[in-house]
């Protein structure tokens, strides 16, 4: 049974620890897998294989964006409705999300296959890299329904406070992927196709574990046939809240395209591979922060719905502090050990090490503040103020960074590409402070009952 009172009575610090640790473990496992994936492909296929995966990652980000569009909004709504003790409405939301996940994934698959070659060419793939990218992405598209459905259903489990179960579901998929990847690449000699097959097979199995809790007899929230029919009010509310995550993820996809093309122009395929590796390494720090972010989501959403604003404020503060500590540790590691890390990916490629080592140091300059940025962006989404999150996401992912990434390399060469990200993060942090400080004051006023 769902412990409804726990989220509004238990110590916020204990809840944040309880809900975040499973998410952090799962997210870290995912980040480590992405790194291992590139190591396996680097050994089994070569640097061009890493370049192909880096370019195909744009498609993965886009699919994840649609997963967030469907799943994050539904999760926030479920948490808020749980705070209002409205289980019936929760089941309607979950049923609609289940149906919408299938519809969106089928549309994405069709569009992906129709425009696969021109899409990858636009993303920066050519020659042998394009050949590898077509194989890898073509197989990944088959798993789109699994990815979106698994993400949505698992995320809603977290929104119910079932973080441990969600973590186990996610870890099953990741562990299987790590097992299948070297098996398919080195034992079955499937090359880059083996890496893609490993991903969709493990995701499919993970989807079974993510959806099964909603069909159990003792499930606190069930998927019922009557709730599978889409309701306009539910879909609009869910998508409007999930839109900020969607915009952030889709804009990340667009930025990845821009970065890949700029890297290709100023540094060739080696620079594209270096950027792909840096992305995976940065994700190693981002993922624990996302874990804290997901852990605090049910606490903020539930207590906001229950009008316990002191707990909302405390949750926000604690999550920002925890995320900032992690991001600061990441900064130290990247500054001190960037060369050692890059040797793992290309010990036989001196060019990769020469380009990647300084790039990593520059790219990670803003890492200490990224925890605050991520938590702040999501906070507004969790309390139903999606507009703020969307605007901030657009500023960070498009409005500021795009012109910087285009203009700075003309004066600084390839280093201009790397420095555009930290400059953007510092600007967004200032804007975030301007928005978050009044929000904390507003919560304090609400606590006194004068608003």
Inset, instruction - Return yes or no: is residue 242 assigned to a helix (DSSP H, G or I), out of contact with any strand residue (DSSP E or B) (no Cβ under 7 Å at 6 or more places or on another chain) and under 28 Å from residue 378 (Cβ atoms)? - result: yes
Inset, instruction - Please report, ordered by residue number, the helices (runs of 4 or more DSSP H) entirely within segment 1-99 with at least 2 residues that are within 15 Å of residue 151 (Cβ to Cβ) and within 20 Å of the chain's Cα centre (by Cα). - result: 12-44, 47-83
Inset, instruction - Please find, within segment 169-208, the residue that is farthest from residue 96 (Cα to Cα) out of those that are touching a residue at least 60 places away in the same chain (Cβ under 8 Å) and surrounded by fewer than 17 Cβ atoms within 10 Å (Cβ to Cβ). - result: 186
Inset, instruction - Only one of these is surrounded by fewer than 24 Cβ atoms within 10 Å (Cβ to Cβ), touching a residue at least 12 places away in the same chain (Cβ under 8 Å) and either more than 16 Å from the chain's Cα centre (by Cα) or more than 18 Å from residue 32 (Cβ to Cβ) (or both): 295, 301, 267. Name it. - result: 267
Inset, instruction - Give the residue that is modelled with the highest pLDDT, with candidates limited to residues of segment 405-451 that are over 22 Å from residue 356 (Cα atoms) and outside any helix (DSSP H, G or I). - result: 449
Inset, instruction - Tell me, yes or no, whether segment 79-90 has at least one residue that is surrounded by 24 or more Cβ atoms within 10 Å (Cβ to Cβ) and within 30 Å of residue 342 (Cβ to Cβ). - result: no
Inset, instruction - Kindly check whether there is at least one residue in segment 210-217 that is closer than 23 Å to residue 49 by Cβ, at pLDDT below 90 and surrounded by fewer than 24 Cβ atoms within 10 Å (Cβ to Cβ). - result: no
Legend entry - Test: residue 120 is in contact with a helix residue (DSSP H, G or I) (Cβ under 9 Å, 6 or more places away or on another chain), within 22 Å of residue 72 (Cβ to Cβ) and assigned to a helix (DSSP H, G or I): no
Legend entry - For residue 238: the one exception among (1) more than 30 Å from residue 38 (Cβ to Cβ); (2) under 17 Å from the mean Cα position of the chain (by Cα): (2)
Inset, instruction - Kindly list the number of the only condition in (1) in contact (Cβ under 8 Å) with a residue 60 or more places away in the chain; (2) under 19 Å from residue 440 (Cα atoms); (3) surrounded by fewer than 18 Cβ atoms within 10 Å (Cβ to Cβ) that fails for residue 321. - result: (1)
Inset, instruction - Residues being more than 19 Å from residue 301 (Cβ to Cβ), in a helix (DSSP H, G or I) and modelled with pLDDT of 90 or more: count how many of those fall in segment 374-404. - result: 5
Inset, instruction - Answer yes or no: is there a residue in segment 391-404 that is out of contact with any helix residue (DSSP H, G or I) (no Cβ under 7 Å at 6 or more places or on another chain) and in contact (Cβ under 8 Å) with a residue 24 or more places away in the chain. - result: no
Legend entry - Check on residue 111, under 30 Å from residue 312 (Cβ atoms) and either out of contact with any helix residue (DSSP H, G or I) (no Cβ under 7 Å at 6 or more places or on another chain) or in a helix (DSSP H, G or I) (or both): no
Legend entry - Inter-residue pairs, beta-carbon under 6 Å, first over 12 Å from residue 55 (Cα atoms) and in segment 117-128, second at pLDDT 95 or above and surrounded by 14 or more Cβ atoms within 10 Å (Cβ to Cβ), 6+ apart: none
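The values are calculated or read from the model by the stated rules, or taken from the named source; none is laboratory data. All values reported here derive from a predicted model rather than from experimental measurement. Positions of Cβ are backbone-derived with ideal geometry, glycine not excepted, and every protein chain shown enters the neighbour counts.
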